[in-house]
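Below is one structure, written out as structure tokens; comments come after it.
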Amino acid sequence: MSQSNLRKSPVIDDRAGLKRRSTVFWGNKVVQVQPNERERQEQILSPVTNEPSTIKWVKGDLIGKGSFGHVYLALNANTGEPLAVKQIALTAHSDEDNDGDDKLVDSIKYEIELLKDLDHDRIVSYLGFERTDKFFSIFLEYVPGGSVMRCLRRHGPFEEDLVRFFMRQVLDGLVYLHDRGVWHRDLKADNLLVDFEGNCKISDFGVSKAADSDAYGTNAGATNMKGTFYWMAPEVIDSVGMAGYSAKCDIWSLGCVLLEMLTAERPWPKMTMVQIVMEVGQKRSAPPVKEGIEMSQDAIAFKNACFKAEPRERPTASQLADDKFLTIDKEWNFKDSRLGQTIRSTNRLHSS
């Protein structure tokens with residue numbers, strides 16, 4: 001089944017935007033089927049409640065790869081809804097391999113248990129999971145536009161108004177997470193997804209953490225280095241054997257995302273990890289702005305706030321959400337932006 005065939009399905013209506021909600025799989029048995037089995041879906045309705053007692057899904061095209069697995073476009077055969085399915089291969093050989101699988105699965109289950117009850121427009125929804133002898137499959141809300149980094153690679157740096165538009169949405173998601181004691185720890189453009197209407201969502205919570213208390217409190221500290229090196233805050237790189245760090249590390253990473261959007265490059269593009277240990281871990285330096293990139297004074301002030309070397313001096317997500325930089329001109333809208341016009345045109349092409 002091709003990705004284009006899935007996109008032509010009448011149930012995939014991206015114009016619904018944030019109003020569309022995917023079916024949650026919790027409490028149901030989940031089974032993969034082949035495309036030609038979809039016509040038998042009336043057999044999986046409960047005769048008592050007329051509700052699905054078994055969720056059947058159809059696997060589609062590969063749409064992404066990560067260090068722990070592959071992500072596929074899929075279809076809920078019960079409802080016709082599009083899904084994203086992250087599949088992680090499990091070994092079935094030695095006891096040692098199986099022990100490794102058990103640790104991996106325990107880690108995945110921790111992630112899902114942490115996130116399954118989160119419900120926010122700026123957070124990609126986790127819908128359920130299925131485990132077979134060969135794979136662990138995680139079912140996610142499908143966001144059709146791909147990652148922000150994919151957009152940057154295809155279309156180049158964003159204009160400041162578009163950066164402001166996306167950053168405001170990401171901060172909405174961070175405020176929600178931090179208020180619930182959850183911090184992401186791997187915030188970057190690759191982990192931000194955008195749909196054809198410009199709705200931006202935080203994804204990939206594989207190294208996220210839940211605090212037992214205030215996400216910014218001294219007792220919330222993590223003492224292990226988690227995340228992607230180039231986006232790490234000084235206290236994360238320097239965390240081993242130290243007092244630990246809090247959700248303020250997400251604020252530093254948010255500053256790195258700001259630079260990604262303005263330059264279409266990762267932070268520290270010319271440095272090795274060893275060099276970054278010196279610059280960030282020891283000197284506590286912020287990533288430089290690429291030569292030739294123009295930024296407004298409000299954008300510079302926003303960046304500087306994110307890159308405060310001392311975590312206690314960095315604003316919280318709630319405080320940063322009120323920053324002057326995030327004020328959007330009433331005359332501006334995503335549809336008229338260069339990216340908005342491009343990806344909506346692409347959507348119409350695939351839908352025709």
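Throughout, read-outs are computed from the coordinates displayed, never taken from laboratory work. This one's a predicted model, so the numbers in the text were calculated from it and none came from an experiment. Cβ coordinates were reconstructed from backbone atoms using ideal geometry, including for glycine residues, and neighbour counts include every protein chain displayed.
What to note about this one:
- Inter-label distance, nm, simple model (7 Å from Cα along the C-beta direction), VAL277/ILE328: 4.3 nm
- Taking 16 Å as the cut-off, the amide N atoms of the stretch 322-340 that come nearer than this to a point 7 Å along the Cα-to-beta-carbon line of ALA301 belong to 322-329.
- Length gained when the stretch LYS65-LYS109 is fully extended (0.36 nm per residue, less Cα-Cα span): 13.8 nm
- Among the listed pairs LYS56/LYS209; LYS59/LYS86; LYS188/LYS290, those beyond 22 Å (Cα-Cα): LYS56/LYS209
- Sorted by Cβ density within 10 Å, fewest first, the residues TRP252, TRP268, TRP183, TRP332: TRP332, TRP268, TRP252, TRP183
- Size of electric dipole in the stretch 109-205: Cβ of Lys, Arg +1 and of Asp, Glu -1, about Cα centre, debye, nearest 20: 300 debye
- Distances between placed amide hydrogens fall under 5 Å for GLY146 paired with VAL194, all partners being 5 or more residues away or on another chain.
- Size of charge dipole - the stretch 147-287 - debye, nearest 20, with Cβ of Lys, Arg +1 and Asp, Glu -1, no other charges: 340 debye
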